[in-house]
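These notes are about the structure you will find just below.
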Amino acid sequence: MTKYVIHGGHELHGTIEISGAKNAAVAIIPAALLIDGVCRIENIPQINDVTLILQILQELGADVRTVNRTTVDIDCSHIHNHQVPQELARKIRASYYLIGALLGRFGSAQVPPPGGCDLGGRPIDQHLKGFRSMGAEVEVSGGLISAAAPSGRLSGASIYLDMVSVGATMNIMLAAVLADGLTVIENAAKEPHIVDLANFLNSMGADIMGAGTDVIKIRGVERLTGGCYSIIPDQIEAGTYMAAVAAAGGEVLVKNVIPKHLDCITAKLLEMGVEVEDLDDAVLVRRIGRLRRTNIKTLPYPGFPTDMQSQIAAALCLADGTSVLTEGVWDNRYRYVDEFRRMGAQIQVDGKIAVIEGVERLTGAPIRACDLRAGAAMVIAGLAADGVTEVDNVHHIERGYEDIVGKLRGVGADIEAVTVPDEEQVPAQIG
Ligand code: EPU
């Protein structure tokens, strides 16, 4: 097992290069199943979720060739299996995209229920509603989601999502690109990775309009052919390092980003007294004085991202005054609070609301990453705290952050990944 040992209290100075977007990559890679020919995907982040999804594709019969560190060629001409292996699918949330992609291309899919971070209930009823509207018979039994189009091909349909769902929007898009006729998704999600998936599919011959608005129209085409596509930079990875500078202080150039995608994060950092300068493909982030308090509610894009809630909370723990966070997407995204309290943070949680009384200083402690973003937030708290913080369960973090230790060391953080025998791990919290 690996843990991160952080000697906090050092400002961050230098440049951090942002990798490709995780939540775009984990949809675009399964989308290769829809393509008749070889597609080249560039700017793929080197993270465990990507390794898993590529492994699943190979198990299904895809030919996956590594071109270089961030580029793969995928050829799905010889898919021989529509049943996704249980042990791999359960490790990753995005395995649900395999339902839409397999169903769209082959008219049938058997996929185990997805895994991923525990953020409270994570139903996929809207995905299944979409597939059913398009004529699929869907059954959930025996630990398997089975979907099949009786005629072998789905039919376009009008689908209204009961709530804004990133996963349902992308999954229905995947199912619809090769369907017969027009599919309309209303109340669609608008995240940058929705637009990225649509751009990827369009570049391979799909006919998708309106991605990035709340009505997406997909006219089914006969086939998609190969091509080359580069994934957008990771908005949340960039935001995480921006929050790290806010918490630890210093000046960092966060490079290879689309500043527009960061507006929702930048706006809040500016309110907190952080200086953020937008450049062409970078943002310069500087924090000198003490942080100011603010209130934040997480919302679907272009609102403040739920995937940045815990990282910004780490910074607000050190702000001057009381901040109120409201989680507007997930039921249970405050599981990190007990760990922050071990470091001296003053946080009260009532349902979806967290009240943070800023303190002058946090102190290092042994803490445990409870999910991907909370794990990143604990690293941020450790960077800003006095003394030594040891974060364990870092496999959660490595699911979604490429080389977080190397990138932080590059800007002067004193952080290292240390391998420890299992019995030395921080004991699990009861309750
Ligand atoms: N929801 C339903 N039914 C559905 C789908 C969603 O009730 O069929 C609810 C969810 O329970 C939640 C809300 O709708 O309350 C939004 O869920 P959404 O479907 O948008 O989430 P997701 O697609 O499962 C993706 C990201 C998450 C991110 C959310 C919101 C991936 C693989 N995951 O999840 O990312 O928090 O969108 O932006 O893209 C992360 O990267 O750390 C992460 C958790």
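Lys190 fulfils the conditions (1) within 16 Å of the ligand (Cβ to nearest atom); (2) in a loop (DSSP other than H, G, I, E, B); (3) touching a Lys or Arg at 6+ places or on another chain (Cβ under 7 Å) except for a single criterion, (3).
The set of residues from region 243-255 being open to solvent by less than 10 Å² (accessible area, probe 1.4 Å), within 19 Å of the chain's Cα centre (by Cα) and more than 14 Å from Ala377 (Cβ to Cβ) comprises just one member, Val254.
Quick grid of which residues meet (1) touching a residue at least 12 places away in the same chain (Cβ under 8 Å); (2) among the charged types (D, E, K, R); (3) open to solvent by 10 Å² or more (accessible area, probe 1.4 Å):
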| position | (1), (2), (3) |
| --- | --- |
| Thr294 | yes, no, no |
| Val329 | yes, no, yes |
| Val359 | yes, no, yes |
| Asp392 | yes, yes, no |
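Say we look at region 292-343 and pick out the residues that are outside any strand (DSSP E or B) and among the hydroxyl-bearing types (Ser, Thr, Tyr); which of these is nearest to Ala354 (Cα to Cα)? My answer is Tyr334. Looking only at region 86-112, residues that are at pLDDT below 90, assigned to a loop (DSSP other than H, G, I, E, B), touching a Leu at 6+ places or on another chain (Cβ under 9 Å) and more than 12 Å from the ligand (Cβ to nearest atom) come to 2 in all. Of all the numbered requirements in (1) open to solvent by 40 Å² or more (accessible area, probe 1.4 Å); (2) away from the ligand (no atom under 16 Å from the Cβ); (3) among the aromatic types (Phe, Trp, Tyr), Phe340 misses one, and that requirement is (1). It is to be established whether one or more residues within region 31-52 are away from the ligand (no atom under 16 Å from the Cβ), at positive phi and at pLDDT below 95. The answer is yes, given that some residue of region 31-52 is away from the ligand (no atom under 16 Å from the Cβ), at positive phi and at pLDDT below 95.
This table checks each residue for (1) open to solvent by 20 Å² or more (accessible area, probe 1.4 Å); (2) part of a helix (DSSP H, G or I).
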site	(1), (2)
Ala32	no, yes
Ile41	no, no
Gln46	yes, no
Glu59	yes, yes
Thr66	yes, no
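If you check Cys228 against the conditions, is it part of a strand (DSSP E or B) and in contact (Cβ under 8 Å) with a residue 12 or more places away in the chain? Yes, satisfied.
From the list Leu182, Leu178, the lone residue that is open to solvent by 30 Å² or more (accessible area, probe 1.4 Å), out of contact with any Asp or Glu (no Cβ under 7 Å at 6 or more places or on another chain) and more than 16 Å from the ligand (Cβ to nearest atom) is Leu182. Checked against (1) open to solvent by less than 30 Å² (accessible area, probe 1.4 Å); (2) in contact with a strand residue (DSSP E or B) (Cβ under 9 Å, 6 or more places away or on another chain), Ala384 meets all criteria but (2). Within region 339-355, residues that are free of Cβ contacts under 8 Å to residues at least 60 places away in the same chain and closer than 14 Å to Gln309 by Cβ reach partners that are of a type in the set (D, E, K, R) and outside any strand (DSSP E or B) with beta carbons closer than 8 Å, at six or more positions or on different chains, in the pairs Ile347/Arg341; Lys352/Glu327; Lys352/Asp331; Ile353/Glu327; Ala354/Glu327. For beta carbons closer than 7 Å, sequence separation of 6+ or different chains, a first residue in region 177-198 that is under 19 Å from Val221 (Cα atoms) and modelled with pLDDT of 95 or more and a second that is surrounded by fewer than 24 Cβ atoms within 10 Å (Cβ to Cβ) and among the hydroxyl-bearing types (Ser, Thr, Tyr), the qualifying pairs are Ala179/Ser155; Asp180/Ser155; Gly181/Ser155; Val184/Ser158. When region 121-143 is limited to residues that are within 7 Å of the ligand (Cβ to nearest atom), in a loop (DSSP other than H, G, I, E, B) and not basic (Lys, Arg), the one that is modelled with the highest pLDDT turns out to be Ile124.
Just one of (1) among the polar types (S, T, N, Q); (2) touching a helix residue (DSSP H, G or I) at 6+ places or on another chain (Cβ under 7 Å); (3) open to solvent by 10 Å² or more (accessible area, probe 1.4 Å) fails for Thr240. It is (3).
Annotation note: Cβ proximity below 8 Å between a residue of region 120-147 that is in contact (Cβ under 8 Å) with a residue 60 or more places away in the chain and on the phi > 0 side of the Ramachandran plot and a residue that is of a type in the set (D, E, K, R) and more than 8 Å from the ligand (Cβ to nearest atom) (sequence gap 6+ or interchain) occurs for Gly120/Arg333. For Met209, are the conditions met, namely being within 10 Å of the ligand (Cβ to nearest atom), of a type outside the set (Gly, Ala, Ser) and open to solvent by 40 Å² or more (accessible area, probe 1.4 Å)? Here the answer is no, as Met209 does not meet what is asked.
The values are calculated or read from the model by the stated rules, or taken from the named source; none is laboratory data. This is a predicted model, so every value here is computed, not measured. Ideal geometry is used to build each Cβ from the backbone, glycine not excepted, and the neighbour counts take in all protein chains shown. Accessible surface is based on the protein model in full, side chains and every heavy atom, while ligands, DNA and RNA are left aside. Shrake-Rupley method; radii C 1.70, N 1.55, O 1.52, S 1.80 Å.
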